[in-house]
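Everything below concerns the one structure shown next.
The values are calculated or read from the model by the stated rules, or taken from the named source; none is laboratory data. Every value quoted in this text rests on a predicted model; they were computed, and no experiment measured them. Glycine also receives a Cβ, built like all others from the backbone with ideal geometry; neighbour counts cover every protein chain displayed. The area values use the complete protein model at the heavy-atom level, side chains included, leaving out ligands, DNA and RNA. Shrake-Rupley method; radii C 1.70, N 1.55, O 1.52, S 1.80 Å.
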Amino acid sequence: MASTPESENNIMQEISLIDILYKDEYRIDSYLAQVMNGVLKRRKIQEINSQTNTKEMGGSIKILQGSFSDVGTSTVMEENRLIPHDRNVITLLELLDLEPQEILSADCVGCLICLKGRLAVRDFRKFTEIIPVMAKNSKLFGIDKKAADNLKDIFDAMSKIIPMNVETEVILKDNSIVRGILKEDYLLTAYRDIIATHGTQLPGIWCIVGILDSLKKVVHPTNTTGFRKSMDEFSAVAETLYREGNPKYTITPFLIFRGLEK
């Protein structure tokens, strides 16, 4: 994967190994199939079976009495086109030829993009389980009981209104923040292992590939009333957790990785 003059800033430049933290296989295969206009995997099986029959013969002549077996054969031929592990990831990155973005501009909105920066991962569902335990055992954790109780009350109220998801946060070169929601099933390292080893802030510089969208509110005049108006107002409250600090952008990630030296 040596770089070329045309791909001087390519995402794969000078990266000989990648360490994948998050991988959405469905989106990766979908985008790759669209780019390549073809099928990613094929498998063909041809199976030929024959039966084993036992036939009996009998008669008055002693030599003809007895049985014999007509034993057939079974043949299975299997042909596989094997896809090397993570080859779909490497192929898609090479085909997309994305330039890592360390500072964002408005013209990136609605695009497939690669963000490059520091990374944090937070599972707010786990916090709702941990905080009550910490509040109840404040001396054990060396924290102020009143502060822990207040935090517990806040999270109890928030968890009833705001969806508690797994969040990723990318801090770019200019210290601007882009947040996105992760699906726990696509994390290749269990969240508890991330927390145990690094806390919420992961070491190193990471690449996050996904769809960038703006968080700027677009106001459309509507005549929404009644229940639907209430739902719209409640959803605005639910957004407050992920809009803390007024970030300008959000990302829907399908791949998070970092380059490794060897």
> If you go through the stretch 106-149 one residue at a time, how many are farther than 26 Å from ARG27 by Cα and not hydrophobic (A, V, I, L, M, F, W, C)?
Replying inline: 13
> Within the stretch 145-178, can you find the residues that are open to solvent by less than 30 Å² (accessible area, probe 1.4 Å) and modelled with pLDDT of 80 or more?
Replying inline: VAL166, GLU167, THR168, GLU169, VAL170, ILE171, LEU172, VAL178
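Here's the yes/no breakdown for (1) touching a strand residue (DSSP E or B) at 6+ places or on another chain (Cβ under 9 Å); (2) not acidic (Asp, Glu):
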| site | (1), (2) |
| --- | --- |
| GLU129 | no, no |
| TYR191 | yes, yes |
| ILE194 | yes, yes |
| THR225 | no, yes |
> Is it the case that the stretch 133-144 has a residue that's open to solvent by 60 Å² or more (accessible area, probe 1.4 Å) and at positive phi?
Replying inline: yes
> Which of the residues belonging to the stretch 102-146 are touching a residue at least 60 places away in the same chain (Cβ under 8 Å), within 18 Å of LYS173 (Cβ to Cβ) and not in a helix (DSSP H, G or I)?
Replying inline: GLU102, ILE103, LEU104, ILE113, CYS114, LEU115, LYS116, GLY117, ARG118, LEU119, ALA120
>> Can you pull out every residue in the stretch 112-132 that is hydrophobic (A, V, I, L, M, F, W, C) and open to solvent by 50 Å² or more (accessible area, probe 1.4 Å)?
In response: LEU112, PHE127, ILE130
> Can you pull out the residues in the stretch 248-262 that are farther than 15 Å from ILE181 by Cα, more than 15 Å from the chain's Cα centre (by Cα) and either part of a strand (DSSP E or B) or modelled with pLDDT of 85 or more (or both)?
Replying inline: LYS248, GLY259, LEU260
>> When the residues of the stretch 147-176 are narrowed to those that are among the aliphatic types (A, V, I, L, M) and not in a helix (DSSP H, G or I), which ends up farthest from THR128 (Cα to Cα)?
In response: LEU172
